[in-house]
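Everything on this sheet refers to the single structure shown next.
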2 protein chains.
Amino acid sequence: MNLLLLPAESLDGQRLRVTDTRRLAHLRDVHRLVPGQSLTVGVENGLMGRARLVSLTPELADFELEHLTQKAPPPLPIHVVLALPRPRMLARSLENMAALGVKHITLLHTRRVEKSYWQSPELDPLKIRHHMVLGLEQARDTTMPKVHLAQRFKPFVEDELPSLMTGREGLVAHPGEMQSCPPPRALDAPPLLLAIGPEGGFIEYEMDALKAAGLKGIHMGERILRVETAVVALLSRLFKPI
Amino acid sequence: MNLLLLPAESLDGQRLRVTDTRRLAHLRDVHRLVPGQSLTVGVENGLMGRARLVSLTPELADFELEHLTQKAPPPLPIHVVLALPRPRMLARSLENMAALGVKHITLLHTRRVEKSYWQSPELDPLKIRHHMVLGLEQARDTTMPKVHLAQRFKPFVEDELPSLMTGREGLVAHPGEMQSCPPPRALDAPPLLLAIGPEGGFIEYEMDALKAAGLKGIHMGERILRVETAVVALLSRLFKPI
């Protein structure tokens, strides 16, 4: 936790109050914060700054703001459409995408996604939110990503994808495509949409449908990567660090 | 498992014999392979090809080679020096490095590495080998990476690092450095050495020692990434996919 990320309700004038168990335990056991020490704080979808601990009890951490003036880092200009991975891989991929600055994520059903994955408790909105918070706290960002679920491939591609593609360049990562992943671009480059298939890949029908919607097939080299590795590899190849 | 990777002893003329429990279970339960079907095989530190299943029992999978002529993909020309991460992160980082084509890895002690990590069962050579095999099987590669342990920072930097740096460009990834990660290079570019710190980073003394040994500090942007995410992000930013 490199940032104490809090909902706006935690803020009361110059005071910040933390009451949730996970953060309290982390402040006590990992940061070992004592009154008088300060740490980096952020308000959800707002600014970042520093706050000094006034008191810490098992129920409450009471902070006084030193300043709250720093903007969150810029987002990656990308919408990631990810075939729903198996639950543990989903959790890590969500955290990684949040940490890397992705703000728009669609989890998509495809032929090779096991139907049971859609029943996973990891898809509970509170669980998804939890992974987003962990990613933002890791990377020091406050802007909460939005996660959409698209449980039917065809309606998504036919009804939702066209409007998502408006003003965006579309890419679909798939082993064996002719074009290599394009070189890193600046964060103010035109926005992208990137589709990433499941373990085993998109089937031919799905690749055809995505290409018909304007997505360009790209490959990441001859090595086949696990989905969670491919997500990080693609995002860090597509954008320059700032 | 996108490749059935076997030690050279498994090969007997045109026959390949698999007897280990993990692979037998995978062939039966995941691949659901039946006699007559073929899959991609590789010989450790050797060639890759296809083999056809002749018979599958709980003790033995018997394959007949169709061909064994394909070279392993080229390695990444890099030696990664990684501050020993906590055990679960180590496991995933080893697998990811193996999958991405890293062939030389040093696990290093630094001030912010918890000493207990050196007692982890994950450092058992057989465990390390297991993670390497999983990474190679995932990525379809046969060349086994070499993992070195450097349990003392100063002797490593003073006695081993200079010879590792001969003919290599050295980089150390550290948040807050002035220089950004260089653009992706081709796989036939001069070899690199890349040092990656622990959670919490290298301490100043360590950064000074690494820089004195010729490593150049680079950053990956203002976001702070978990070690396992940073490893993948750095490797995929440093090299072009082929």
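The values are calculated or read from the model by the stated rules, or taken from the named source; none is laboratory data. Remember, it's a predicted structure, so these values are computed and weren't measured experimentally. Note that we place each Cβ from the backbone using ideal geometry, even for glycine, and neighbour counts take in every protein chain shown. All accessible areas refer to the heavy atoms of the entire protein, side chains included, with ligands and DNA or RNA removed. Shrake-Rupley method; radii C 1.70, N 1.55, O 1.52, S 1.80 Å.
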For B:HIS79, residues with placed amide H under 5 Å, excluding near neighbours: B:LEU192, B:LEU193, B:LEU194
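Quick one: pull the percent of accessible area on the stretch B:1-139 belonging to carbon and sulfur, 1.4 Å probe, ligands and nucleic acids left out. Write out the running numbers ahead of the final one.
Details: 3250 of 6250 Å².
Accessible surface attributable to carbon and sulfur in the stretch B:1-139 totals 52 percent.
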Whole-number percent relative contact order across the stretch A:4-70, with pairs defined as alpha carbons under 8 Å at least 6 apart: 35 percent
Reduction of at least 20 Å² in accessible surface, 1.4 Å probe, comparing all protein chains with the chain by itself, residues of the stretch B:228-242: B:THR229, B:VAL232, B:ALA233, B:SER236, B:ARG237, B:PRO241, B:ILE242
Cα-centre dipole for the protein assembly as shown with unit charges at Cβ (Lys and Arg positive, Asp and Glu negative), debye to 20: 120 debye
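Hey, could you get me the Stokes-Einstein D for the stretch B:151-214, Kirkwood radius over alpha-carbon pairs, 25 °C and 0.890 mPa s, rounded to whole µm² s⁻¹? All intermediate terms of the calculation are to be shown ahead of the outcome.
Values: Rh = 12.9 Å.
It diffuses with D of about 190 µm²/s by this estimate.
Just the number: Rg to Rh for the stretch B:128-187, Cα atoms, Kirkwood Rh, two decimals. Could the numbers behind the result be given before it?
On the way: Rg = 15.6 Å, Rh = 15.0 Å.
When Rh is taken as the Kirkwood radius, the ratio is 1.04.
When the dipole is taken about the Cα centre of the stretch A:78-238, and only Lys, Arg (+1) and Asp, Glu (-1) are charged at their Cβ, what size is it in debye, to the nearest 20?
Details: 20 positive and 18 negative charges, 44 e Å.
With only Lys, Arg, Asp and Glu charged at Cβ, the dipole is about 220 debye.
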Listed residues A:LEU27, A:LEU194, A:LEU134, most fluctuating in chain A (Gaussian network, C-alpha, under 10 Å): A:LEU27
Relative contact order %, the stretch B:78-238, counting alpha carbon pairs below 8 Å whose residues are six or more apart: 31 percent
Tilt relative to chain B, helix B:125-139 - C-alpha long axis, 0 to 90 degrees, to 10: 70 degrees
For B:PRO190, net neighbour charge (Lys/Arg +1, Asp/Glu -1) across residues whose Cβ lies under 15 Å away: +2
Under 5 Å, built H, 5+ apart or other chain: amide partners of B:PHE239: B:ARG185
Listed residue (B:LEU215, B:LEU136, B:VAL30) projecting farthest to the positive dipole end of chain B, Cβ model: B:VAL30
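Could you compute Rg(Cα) / (2.2 N^0.38 Å) for chain B, with N its residue count? Spell out each step's value before the answer.
On the way: Rg = 19.9 Å, N = 242, 2.2 N^0.38 = 17.7 Å.
Its radius of gyration relative to the 2.2 N^0.38 Å reference: 1.12.
At R0 = 60 Å, how high is the FRET efficiency between B:GLU9 and B:LYS211 if r is their beta carbon distance? Nearest 0.05 is fine. All intermediate terms of the calculation are to be shown ahead of the outcome.
Details: r = 46 Å, r/R0 = 0.76.
Efficiency computed from Cβ-Cβ geometry: 0.85.
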Karplus 3J(HN,Hα) series, Hz, for the stretch A:230-240 with 6.51 cos²θ - 1.76 cosθ + 1.60 (x for Gly, Pro): 4, 4, 5, 4, 5, 5, 7, 7, 7, 10, 6
Unit charges at the beta carbon, dipole of the stretch A:74-180: most positive-side option, A:PRO121, A:ILE78, A:GLN151: A:PRO121
With DNA, RNA and ligands ignored, accessible area of B:ASP12 (1.4 Å probe; Å², nearest 10): 100 Å²
Per-selection metrics, the stretch A:4-70 (Cα): Rg and Dmax in Å: 10.7, 30
Heavy-atom accessible area, 1.4 Å probe, ligands and nucleic acids excluded: residues of the stretch A:41-74 down by at least 40 Å² from chain alone: A:PRO73
Estimated vicinal HN-Hα couplings, Hz - the stretch B:104-116 in sequence order (Karplus 6.51, -1.76, 1.60; Gly, Pro = x): 9, 10, 10, 9, 10, 7, 9, 3, 8, 8, 5, 4, 4
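Accessible area lost on pairing A with B, both sides, 1.4 Å probe, Å² to nearest 100?
Details: alone 12300 and 12300 Å², together 21560 Å².
Rounded to the nearest hundred, the buried surface is 3000 Å².
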Nm distances between copies for B:ARG152, ranked from closest, using label points 7 Å along Cα→Cβ: 6.8
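Assigning unit charges at the beta carbon (Lys, Arg +1; Asp, Glu -1) and nothing else, what dipole magnitude in debye, to the nearest 20, does the stretch A:69-132 show about its Cα centre?
100 debye
Rounded to two decimals, what ratio of Rg to Rh does the protein assembly as shown give with C-alpha atoms and a Kirkwood Rh?
Numbers: Rg = 23.6 Å, Rh = 24.1 Å.
Using Cα coordinates only, the ratio equals 0.98.
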Label-to-label distance, nm, for residues given as B:LEU60 and B:ARG112 (7 Å Cα→Cβ offset): 5.4 nm
Neighbour net charge for B:HIS79 - beta-carbon separation under 13 angstrom, K R +1, D E -1: +1
Among A:HIS109, A:HIS67, A:HIS79: highest mean-square fluctuation, GNM of chain A, C-alpha pairs under 10 Å: A:HIS67
Proximal lysines to B:LYS115, defined as alpha-carbon separation beneath 29 angstrom and excluding residues fewer than eight positions away on the same chain: B:LYS103, B:LYS127, B:LYS146, B:LYS154, B:LYS211, B:LYS216
Derived scalar couplings ³J(HN,Hα) [the stretch B:51-65; Karplus, 6.51 cos²θ - 1.76 cosθ + 1.60; whole Hz; x for Gly, Pro]: 9, 9, 6, 9, 8, 9, 10, x, 9, 8, 10, 10, 10, 10, 5
Interchain or long-range residues, amide H under 5 Å from B:ARG111's placed H: B:ILE203
Cut-off 11 Å between beta-carbons: net charge of the residues surrounding B:LEU90, Lys and Arg +1, Asp and Glu -1: +1
